[in-house]
Amino acid sequence: MHISSHSDSRTNSDALVIGGVSLTSRLFTGTGKYASDAFIPRVLEASGSEVITVALRRVDLTTQTDTVTRHIPEHMRLLPNTSGARTAEEAVRIARLAKAMGCGNWVKIEVIADNTYLLPDGYETIKATEILAADGFVVLPYVNADLMIARSLVKAGAAAVMPLGAPIGSNRGLQTKEMIRILIEEIPLPIIVDAGIGKPSQACEAMEMGAAACLVNTAIATATDPVAMAHAFGEAVRAGRRAFLAGQAPVSAGRASASSPLTGFLFDS
Amino acid sequence: MGFADVLDRIERRNFSEKMENYTEDQVRRALGRERCDQEDFLALLSPAARPWLEEIAVRAQDISVRNFGRTMHLFTPMYLSNYCSNGCVYCGFACSNQIVRKQLSLEEVAQEAGCIAATGLRHILILTGEAPRMASLNYLESCCRILQQHFSSIAIEIYALDTPGYQRLVAAGVDGLTIYQETYNQDLYATLHPFGPKRDFHFRLDAPERGCRAGMRMVSLGALFGLDDWRWDSLCTGLHAAWLQEQYPEVEVSVALPRMRPHAGSYSPAWDVSDVDFVQILLALRLFLPRCGISISTRERAWFRDKLISLGVTRMSAGVSTAVGGHGDTDAGTGQFAISDERSVAEMAAAIMGQGYQPVYQDWRDIRP
C-alpha cells in the first residue's frame, strides 16, 4: 500500500537525536519496582525501548548477588539517574560516580528534597545541569512542567527537558498537560514526559501533543503482566508520534451553526 | 516547637474507651479518601475497622506497589556491645540482668563485617546498649571506618545522642538513625525505665529530630508493641513520623513495628498484640503515611513475615543474630531478645522472590567526597 509505506518511511526517518545519538524508539523505560529484574530484557524487547534509566544508588558492580545492570542488554543506552540526591552538589557527585563506574556520560538529574510527593527541586536541578553540561555530560533534567525552569535549563546546556505529567508513581496521567503544551511550543529542546503516566493512552496523548518521547516505569513495572504492558506502551508511543506527524485534523467546536449571527450582516443583501 | 507539643495535644486518659466510639461509616469514609487525616487514621486503628481489614489491605497493597514497587530492602543488625547502664524492664540487655557482656574489638568488627558482607547485604544497622564510656563515639567512629569498607550504608540503633554527637557520626559515614520511643505513654515510660539515662522521656522523644538536624538521610522510629495499648502507640508513632516528614521533607522517614518477644529477665508484656492487631497497625500506617518506609524485624515468625510482604512492608532484616559477635566465629554474648525468623539472607531472598517481590541489597551508596 502506497500510503502506509509512505507514512512508515516517514516514521522511520523520524529519529530522535539526543546528545548526538539517533534513537528510533521514543519510549524510555526504567528499572525500579520490578518484581524481578529478569523482566527487564523481555520488557525492552516487547517495547522496543532503546534508553533505560537506572538509579545509581542501586548499582553494585562488585556484588556476588544479583544486580540490575546484569539484566540490561549491551545495545541499550544507559541513562543513570541521580535518585536520592537532595542538592545539586549530591547530584553532581552521583553523576561523576556513574561515569567513573562505566555507565557512560548520559545522566538524568533528579534532585528531590521532598520525600512525601517526590517533587523535584528546580533551582538545584538547574545548578547541577549547568555544572554537568559544562563537564561534557549529556544532561536530561527531571523537573516540574514550568516554562521558566525549562528556559534556564536550555541556557544551562541541557540536552532535553523532562517535565513530570504527575507525581512519580501516581499513575495519574497528564495532570500538567497545559504546561507541557507550553514547553513543547516554547522550548527548542526535546520535551520528554517523565513520571505520572499510568496508561498507554496517556503516553499516546503526550506524543500526539508533540512530546519528543515518554519515560514510563511504574505503569510497566507494576502491571500484572509487565511484558504485555511494555508492548502496549511501545505501540501507544508509536501511534501518538505518527498522529503528531500526520497533522491532526481541526477539532470542531462541537456545535454546527447554520447562520452567522456576528458576521452575517456583511453578506446580507 | 518539637513533637512533644503535638503529643501534649492528644490525651492518653480514656483513649482506649474513646476508640470504641468509632463507627464503620468512619472507616468507610477513611477508605474512600485520597489522603487520610488524623481522624481517618484513628478510625482505621479502631475496633470498627476489623470487618474491613481485607478492603483496607487491598488499598494498602495498591499504595505500596505504586510507591515502592514490588521490592523489599534487606538489611541486618550487627550488635557491637551489650554493656548497658539502663534498667529497661522489658530488655534483655538491662544492667540488672546477669548475662554475658561483650563488646567487639575492632578486629572482631572487621571479621563480623566480612561475614555479613559475604551474604551480599550492603546495608548494616549497628547496635549498642547505653554505656557511652565503653561504646563511645570514638569507638563507633572507628567501627564506621571499618564498616565503610564493606557496606554502602550504615545506620545506628544506639543510645540517644545530642545533635553534635549525631553530627560526628554522620561525618564518620553514618546515614541512618533508628531510635524507638518504646512507648509514647509518658507515665508508663517512667515505670518501665526506673533508672539510667534513658529515663529521660523527652530527650529520647526529640532524638529523631536531632538526627534529622544532624544530616541523617534516613530516620526510623517506632514503639515496642505490647508495652501499652497498641492503638495509642500506633497513633503516636504515625503522628511522630508525619510530623517529622512535614518538618524535614528531605529526610526519608520510616517506622518499624517491633512486637514484644521473650528475653532475659522476667517482664511480660501488659498488652497482648495479636496477629490481627499487628496487621491492622501495619495497614492503618500505610494508608496514613503512603510514602513512609515500614520495617519488620525477625521478632516475627517466618510464615507471618512472608504474608506481610505484600501488605505494605518495605524493609526486612535477614540473617539476624541479636547477640554481640553473633555473625562471626567469636564467642557470642547473650542475645537482646529471641528471634522467630532465623532464615539466612539467601533463604530470606528466596522467600521474598517466592512472594513475587524483588530483594534489594543496595538502595544507597556513600557519595561523600
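Descriptive notes on the structure:
- Ellipsoid semi-axes for region A:94-153, based on the Cα gyration tensor and the rule √(5λ), read 21, 14, 8 Å when sorted largest first.
- For region B:159-199, the residues whose backbone nitrogen is under 19 Å from a point 7 Å from the Cα of B:Arg368, taken along Cα to Cβ, are B:159, B:161-178.
- Where labels lie 7 Å past Cα in the beta-carbon direction, separation of A:Met148 and B:Gln149 in nm: 5.2
- Helix-only mean residue ellipticity at 222 nm for chain B, each DSSP H run of n ≥ 4 adding -39500 (n - 2.57), per residue, nearest 500: -11500 deg cm²/dmol
- For region B:39-55, the residues whose amide N sits under 14 Å from a probe point set 7 Å from the Cα of B:Asp62 along the beta carbon direction are B:54-55.
- Using all pairs of distinct alpha-carbon atoms, the Kirkwood hydrodynamic radius of region A:141-222 works out to 12.2 angstrom.
- For region A:13-246, the percent of C-alpha pairs falling in each 10 Å distance bin, counted from 0 to the bin holding the largest distance, reads 8, 36, 40, 15, 1, 0.
- Shielding of A:124-134 by partner chains, average beta-carbon count, 10 Å: 0
- Convex hull of region B:3-360 built on C-alpha atoms - directionally averaged projected area, nm²: 16.0
- Between region B:159-214 and region A:63-84, the Cα center-to-center distance that results, in Å: 38
- Rounded to 0.05, the FRET efficiency of the A:Ser13 and B:Asn14 pair, given R0 = 56 Å and the Cβ-Cβ distance, is 0.15.
- Highest to lowest packing among B:271-277, B:62-68, B:77-83, scored as the average C-beta count within 10 Å: B:77-83, B:62-68, B:271-277
- Peptides A:104-115, B:236-247 ranked from most to least packed give A:104-115, B:236-247, packing being the mean of other C-beta atoms within 10 angstrom over each peptide's residues.
- Protection-proxy order for peptides A:161-172, B:249-260, B:181-192, each taking the mean of Cβ atoms within 10 Å per residue, highest first: A:161-172, B:249-260, B:181-192
- Degrees, to the nearest 10: A:2-12 long Cα axis against longest axis of chain A: 40
- Loop-resident sites, region B:19-113, for GluC sites (Glu not before Pro), counting at most 14 other Cβ within 10 Å (DSSP): B:Glu34
- Sorted ascending by nearby beta carbons within 10 Å, beginning with the fewest, B:Leu137, B:Leu169 become B:Leu137, B:Leu169.
- Number of partner chain Cβ atoms within 10 Å, mean per residue of B:72-83: 0
- Taking the protein assembly as shown, the Cys residues with no second Cys beta-carbon under 4.7 angstrom are A:Cys103, A:Cys204, A:Cys214, B:Cys36, B:Cys84, B:Cys95, B:Cys115, B:Cys143, B:Cys144, B:Cys212, B:Cys236, B:Cys292.
- At an R0 of 25 angstrom, the distance between the Cβ atoms of A:Asp114 and A:Ser22 translates into a FRET efficiency of 0.10.
- Its Kirkwood hydrodynamic radius, worked out from the mean inverse distance over all distinct Cα pairs, puts region A:54-174 at 14.7 Å.
- If you bin all the Cα-Cα distances of region B:232-369 at 10 Å, starting from zero, the percentages per bin are 10, 34, 36, 18, 2.
- Rounded FRET efficiency, nearest 0.05, which uses the C-beta distance separating A:Ala239 from A:Ser260 and R0 of 51 Å: 0.85
- Cα gyration tensor, region B:327-369 - rounded (a/c under 1.5), prolate or oblate: oblate
- Region B:210-300 - Debye-derived log10 I(q)/I(0), Cα point model, q = 0.15 Å⁻¹: -0.59
- For residues of B:356-365, the mean tally of beta carbons on other chains within 10 Å: 6
- For region A:21-121, the equivalent ellipsoid derived from the Cα gyration tensor has semi-axes of 22, 16, 15 Å, listed largest first.
- Label point distance in nm, A:Ala134-A:Glu185, each placed 7 Å from Cα along Cα→Cβ: 3.4
- With the convex hull of the Cα atoms taken as the outline of the protein assembly as shown, the averaged projected area works out to 34.5 nm².
None of the figures in this text is laboratory data; all of them are computed from the coordinates on show. Just so it is clear, the structure is predicted and the values come from calculations on it, not from any experiment. Because the Cβ atoms are built from the backbone with ideal geometry, glycine has one as well, and the counts that use them run over all protein chains shown.
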